[in-house]
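Only the coordinates and a few stated rules stand behind these numbers; no lab work does. Here the structure is a predicted model, which is why all the values come from computation and not from measurement. Cβ sites come from the backbone with ideal geometry, for glycine too, and all protein chains shown count toward neighbours.
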Amino acid sequence: MPGALDYLILVPTLRCNLACSYCQVSRAAIDARGHDWSSATLAGVEALVGGLTGPEVKIEFQGGEPTLRPDLIRAVIDAVPAEIQAQFIICTNLQTLNDEAMALFDRDDVQISTSLDGPLAVHSRQRQVDAGEAKGFHANLRTLLARYGPGKISALPTINPLSPPDPEQLIDSFAELGLDSIYLRPINYQGFARKRHPASRVNGDQWLAYHAAFVRRLIARNWIDRSRVLEESYFSLLLRRIFRPGEDRHVDLRNPNPIGRDYIVVDHDGCVYPTDEARMLTRAGIIDLSIGDIHAGWDTPERAALEAAATNDGDPACEACAYQPYCGRDIIDDIARYGRIDLPREETDFCRRHLYLFDLAFELIHSDDPAVQYSLRRWLGLAGETGALAAP
Amino acid sequence: MKKRRFLISGLVAAGIAPLPPAQATPAGFSPTGDGGDGDKDEMVRKFAQDHRFTLAQHRSHSSHASHSSHRSGSSGRARAPVYTPPPPRKPVTRPAPAPTPSPRNERSTPPSSILPSSPAIAPQSFYSEPSAQQIRDIVMRVQISLKAYGYYDGGIDGMAGPQTREALKRFQTDYGLKVTGTITPEVLDAFKIST
Amino acid sequence: MIPLVLNAESDAEAPFVTRLASRRSADPRESFCLSSTPTQSLWCGMEGLFTLAHPMDALTGDVVLVDPSARRAERLLRAGSPHNSLLVTEQCDQLCVMCSQPPKKTHRDRFEHFETACRLAEQGSVIGITGGEPTLHMGPLLAMIERLLADRPDLGFHILSNGQHFDAANTARLAGRLRTNIVWGIPLYAADAPLHDHIVGKPGAFERLIASFAHLLVAGARIELRTVMLEDNLDALAGLARFVAHNLPHIEQWSLMGLENIGFARRRWDALHVDLRARFAPVGNALDQASLYGVPVRLFNIPLCHIPPEFRDYAVASISDWKQRFAPACEGCAARANCAGFFEWHPDHLVEKVVPL
C-alpha cells in the first residue's frame, strides 16, 4: 500500500549536449526551442512540491541534461516546504561542469547520479563522443569524486547485452574511482534504442549468464580484498526482498505496483507518467502511457486501468511460482518488449530474468562457501558472521 | 500532449482493460497523491508493515544507516548499502528522541551511597530556614498592608493562616482581582511590594 | 546528577502544579521569580508564594509539582529535556529479577496533577509514563491522555508497560486518537515462555503478553520491544530475534539494553550481569538475525568500546541527559560524543573497564 507522493522524477528540459546511441528519451538538440518547462509548467510543479505533506521526499532531475537549466532545479528546491526532509538527485552526463551546476552539487541535500559505461573506449563508443569528450567526462567525474568523496556520487553503466564488457574490467573501472555499487543495466528497449539495438528486445541467456558471472566475480573479489564491499545493486535488492517482505520501495520490483500514487514523472511538457520508462515509450510514439498532467492532476481512468493491471496476484503462472512473494510486476517493461501485457508470464523477459536471478540467489543463500556467505551478509547489511542465512 | 498517432492505439490494445467507474479510485486524488481517506490509508499502511518511512519521523528512531530502506529510481539509481558504520554518527536533524530505554527508574532516587555528592543534591536543610524566612517577610508586609486597608486585624506573624486568607479574599473581591486567598502577583502589585 | 526533587516552602493549602517563568506573564498557570540566589529562588503565582532550593536559571521553564505539607517540589517536566517521565504508580503485578524500581503495594493517584503538567509541556514534547505498571490504572491513564490529546495533539507519550492488561475491550480505544501519539515500551525477554516467566517473576506472563500483542496489533498500536540482556537470556537472544521477526514484525523498534545496577539488580549483579566484552557473540547473532528480516534493532546502555567495531552502528549514544557517566580514561576517547557511557549507578570498578577509541 503506497503512501503519499514522496518520489518525483522531474524533466525540466529534454535538451541534451550528447546523443548517446541508446538514448532512452529521444533527447532534443542543445539549441532546440520548446523543450523546456514553460512558466505555467514550472508553476504547476512548484505548487505540487509546495503541497507535499512529507515527512520525506526524493526528487530526481532527469533529462535531457537537467544542468542545462539550473534555474529550474533551484526553483524546485526552493519550493519544498522547510519541514520536509528532501533529497535531490541530479542525473547528469557530467560532460560539462559550470559554476551554477557546481553550486547545486555543493548542497548537502543534493546527490549526483551519472552514467559510466565502463572503460573509456566502451564509454565513448556508446556515448558517441570522441576520445577527448570521453576524457572530459572522466576528468569531471574525478574532479567531483575528489571534491565530495564517493558517498555523494553514484554511477551506473549501460551495457549492450550482446557485447558486454569484461566483468573484471567493468568492476575495475568503478572500483578505481571508489564506486562500490554497480547496477548492471542492459540497454533498454525504448526510445532510440528500439531502432538501433533491435536485439535488445529480448535479453537472452547470454545476458543472464553474464549477470551471474558478474555476481560471482564480485563475491570472489570481496573475499580476497576485505577492505571494501563491492555489490551489484539489483541483486542486492532481490536478496533484501527475499528476507524483508516490507522492502517494497523499489519501483521496478514490487507487487502490487501502484501507479501514480507515491511516485510520478513530470515531463518537460508537464505531462505526468507513472514511470520514466512509460515516458520514453510515449515519446518514442509506441503507446500513450501518460496518466494526466501537472495542471489537471492524474486521477484519471488511465491511471486506474494501469494500476489495476500492475500486479502479479491472480496470474496463474505467478500464483504457482515459489518466488511470487519476492517478485514484482512491471507492465511497462512488458509493453516495451511485446506491445502488450497479457502474454503468459513465463514467456516474458521479466519473468525469465527474475526466475534466473532468484534461482541464483537461493543457490547462493544455501551455499556453504564462506566467500559466498561473506558477500551475501554484507549485501544484506549484516555486521557479523554468525547465524545461518538459510532457514535451519 | 498534442494528439498524435501511436504504434499501439491505446491501453486496451495492450491488454489493459479499463475499470468500471465504480472500481476506480474515489475522487479527491489530488496532485498531492492523497487518496482522500487519509486515516484509513494510514491504518492500511500500518498493517502493510510500511513502517520505515513513518519511522523516520519518530523521534529516537533515528534510522540505522546500514538498514534504512532506500529506494532507487526506475532507472535503478540505487545507492549502495552502507557497510561500515559511517563514523561520526550524524546528528539527527529531526526533533528530539522518544523511547529511550530506561526511563523506568528516572523517578527513583538511587540510594545515596552509590551517588556522587553534588551541590545540587547536598542536604538542603541549611537553607530551608532562610527560605521560609523570605516568605514570612513578604507575608508580614502583606499582612501590614491588609491591616492598613482595613481587611485584617490578626497578628503580623508572617504565617498565611486562615485569617490572612480570608482577608486576601475580601481584598481581592473588592479590588476586582482574581479571588484566590493567596498572595498572587496582583496582590503584590496592589500593595506595591517588591523583593 | 540532575536533582528531580527539591526542598520547597509554600503557604498554599494543597499541592499544585505550575510552570516556572523568569518573568511575569499573563498566563495564570505560571509563577514568576521574585528573587534568586545560587541556592534558592522565591516564586509567586496564583497559588501564592513558594521557595525552591535551586537557583532560578536552572529551573526556568520547568513544570513543577509543589507539595506544601511535604515541603518539597518535584520537577515533573524539565525544560528542554527529552527524558521527562511521570511515575503514575508504584504498583506492579510482575516482579522482574532485575527490577530497577521495585514495586510497592499502595497507589497514590496523581493523574490530575500530571494532566495539568502535560498541558503546560513544551510544544511537541514526548512524555514518558512509567511505574510500577501504569496499565494497572488503564482507565484513568487512557482517559487522561485522550483529554490531553484533544487539546494538545502535538504531545506524544512513551508508556512503559509489562503488557499484561490489554484486551479486546481496549482495542477500539487504542486504535482511536491514542494510536499515533503513544508508543508502548513493552519488555520481552525470551521466545521461551518458562524463561520469560522466570525473568519477570510471574507464571503465565508470556502467554498473557502474546495475547496482548494480538490486541495491540488489532489496534495498530505502536510498540517498542525492550529486552534487557542478562546472564539468563543471553543465549536465547538469537531465538528471540527470529521470534520477533516472524511473529512481531510490526513493532517499530527492538531495543536491546544493558543491565542497570539498581533496584533488585544491585544485589543480584554477579548473577545477572553479562560482560559483553567477552561474550558479545550471542548479541551479534541476535542483531544480525533481526536485521536480516528487517526488524529495526538498537543497542542501549552499552559503551562503544564494549561493542565490536562492526556492531557499533547499532548503539544509541545517550542513556539519558542526566544518567550518563564516564570513566577518567574516557577523557581521551574519540568516540565519547557518540557513546552511551555508563549509568550514574554503574559499579565503580566496572566503570574503569574502558578502552579509549
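Quick look at the numbers
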{"item": "Binned Cα-Cα distance frequencies in region C:43-118 - 10 Å width, integer %", "result": "14, 41, 32, 12, 2"}
{"item": "Cut-off under 5 Å, modelled amide H: who pairs with C:Cys92 long-range", "result": "C:Lys104, C:Glu133"}
{"item": "Distant-in-sequence amide H partners of C:Gly128 (H built 1.01 Å from N, under 5 Å)", "result": "C:Asn84, C:Ser85, C:Leu86, C:His158"}
{"item": "For chain C: relative contact order, % (alpha-carbon pairs under 8 angstrom, 6 or more apart)", "result": "11 percent"}
{"item": "Quarter of the Cα convex hull surface for region A:263-347, i.e. its orientation-mean projected area (nm²)", "result": "6.0 nm²"}
{"item": "3J(HN,Hα) from dihedral phi, region C:83-92, Karplus parametrisation 6.51/-1.76/1.60, rounded to Hz, x for glycine, proline", "result": "10, 6, 8, 10, 8, 7, 7, 9, 7, 8"}
{"item": "3J(HN,Hα) from dihedral phi, region C:132-137, Karplus parametrisation 6.51/-1.76/1.60, rounded to Hz, x for glycine, proline", "result": "x, 10, x, 7, 5, 10"}
{"item": "Rounded D (µm²/s) - region A:7-203, Kirkwood Rh over Cα pairs, Stokes-Einstein at 25 °C, 0.890 mPa s", "result": "139 µm²/s"}
{"item": "Theoretical ellipticity at 222 nm over chain A - DSSP helices of four or more residues, -39500 (n - 2.57) apiece, nearest 500", "result": "-12000 deg cm²/dmol"}
{"item": "For region A:1-156: relative contact order, % (alpha-carbon pairs under 8 angstrom, 6 or more apart)", "result": "23 percent"}
{"item": "Contact order relative to length of chain A, as percent, for alpha carbon pairs under 8 angstrom and 6 or more apart", "result": "17 percent"}
{"item": "Cα shape, chain C, gyration tensor, a/c 1.5 rule", "result": "oblate"}
{"item": "Loop sites in region A:56-123: trypsin sites (Lys or Arg not before Pro), DSSP, at most 15 other Cβ within 10 Å", "result": "A:Arg107"}
{"item": "Whole-angstrom Cα spans of chain A along principal axes, big to small", "result": "60, 49, 45"}
{"item": "Ordering of A:267-275, A:372-380 by packing [mean C-beta count within 10 Å, highest first]", "result": "A:267-275, A:372-380"}
